[in-house]
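Trainee: Have a look at the structure that comes next, please.
Coordinate-derived values only; no laboratory data. Nothing here was measured: the structure is a model prediction, and the numbers come from that model. Backbone-built Cβ (ideal geometry, glycine too); neighbour counts: all protein chains shown.
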């Protein structure tokens, strides 16, 4: 199916939180409006992880330009693609139609600080789910872990270094290590197993064709036992 749903928090929020939410949406909307359409590539660590798997249902959190979503759909996955930016989700939906995979791609607009897509998934992918703006990232990722079906995988790939073409060149930025990310999520090892936690280096290509060696912080969880209807409020 092919659908876009805009969801907002249903509870009252302080004026400060409303302003922060608006700023985040405006920030990412400006970011994607100024980027060219088309040509988005799959992130290599997602392709490496998903290629051996039997296609099922996937959730792409922070889908951005849609390279991961389109690649997964081409492999036979049914994907829910989520982003805070209207432009991002509209472009992903249009690209899916153009390539004939719209029946396997559903798009939803969410500010994940306040809402989360419904359903359970065989794969949840969060590729570079990092922002300079306020975001309860640990809570969002714990909710993502609880959205897995038994046997499902949560793949978290973060920047571990700053590429020369990055929009964020803050020299004091700290990139959490896989160990630090796992500690923040604090998932019960009786139900979730860590399958991978490392910091590989790779050669990356920037938007103008420049290349650089970058570091990725990679964490892969598997839900090994069904904990039932788990709360997503902590």
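Trainee: Can you give the calculated 222 nm mean residue ellipticity of the chain, where each DSSP H run of n ≥ 4 adds -39,500 (n - 2.57) and the sum is split over every residue, rounded to the nearest 500 deg cm²/dmol? List each step's numbers first, then the result.
Mentor: Details: 6 runs with 65 residues, N = 234.
Rounded to the nearest 500, it is -8500 deg cm²/dmol.
Trainee: Taking neighbour Cβ counts within 10 Å as the exposure measure, how do 213, 177 sort from fewest upward? Let's see the in-between values first.
Mentor: On the way: 213 10, 177 16.
Lowest to highest Cβ neighbour count: 213, 177.
Trainee: Next question. Among bridges DSSP assigns within the chain, what percent are antiparallel (round to 5)? Each step should come with its number before you reach the end.
Mentor: Values: 18 of 40 bridges.
Bridges in the chain are about 45 percent antiparallel.
Trainee: How much FRET efficiency would the formula 1/(1 + (r/R0)^6) give for residue 212 and residue 90, where r is the Cβ-Cβ distance and R0 is 41 Å, rounded to 0.05?
Mentor: Values: r = 31 Å, r/R0 = 0.75.
In this case the efficiency is close to 0.85.
Trainee: For the chain, what is the relative contact order in percent, using Cα pairs closer than 8 Å and at least 6 residues apart in sequence? Write down the numbers at each step before the final one.
Mentor: Values: 422 pairs, mean separation 42.2, N = 234.
Over the chain, the number comes to 18 percent.
Trainee: Return an integer: the convex hull volume of the alpha-carbon atoms of the chain, in Å³ per residue.
Mentor: Details: hull volume 29.9 nm³, N = 234.
Cα convex hull per residue, to the nearest whole number: 128 Å³.
Trainee: Also, quick follow-up: Neighbour counts of other C-beta atoms within 10 Å: give me 188, 172, 68, 122 arranged from fewest to most. If you can, show how the numbers build up before the last one.
Mentor: Values: 188 10, 172 4, 68 26, 122 21.
If I rank by nearby Cβ atoms, fewest first, I get 172, 188, 122, 68.
Trainee: Take peptides 193-203, 131-141, 83-93, 153-163 and line them up by average Cβ neighbours within 10 Å, highest first, as a rough protection proxy.
Mentor: With the highest mean Cβ count within 10 Å placed first, the list reads 83-93, 153-163, 131-141, 193-203.
Trainee: Moving on. Can you compute the radius of gyration and Dmax for segment 152-205, using only the Cα atoms, both in Å?
Mentor: My reading of the Cα-based Rg and Dmax gives 13.8, 41 Å.
Trainee: Could you give the spread of the C-alpha atoms of segment 100-234 along their three principal axes, from largest to smallest, in whole angstroms?
Mentor: 47, 39, 27
Trainee: Further question on the same structure: Give me the extension gain from residue 188 to residue 53: residue separation times 0.36 nm, minus the current Cα-Cα distance, reported in nm with one decimal.
Mentor: Details: separation 135, 0.36 × 135 = 48.60 nm, distance 2.44 nm.
Gain on extension, residue 188 to residue 53, equals 46.2 nm.
Trainee: Extension gain residue 149-residue 177, at 0.36 nm per residue separation less the Cα-Cα distance, in nm? Don't skip to the end; give the middle numbers.
Mentor: Working: separation 28, 0.36 × 28 = 10.08 nm, distance 2.61 nm.
Computed gain between residue 149 and residue 177 is 7.5 nm.
Trainee: Another question about this same structure. Taking the beta-carbon count within 10 Å as an exposure proxy, list 181, 79 from fewest neighbours to most.
Mentor: Values: 181 19, 79 29.
Exposure proxy ranking, most exposed first: 181, 79.
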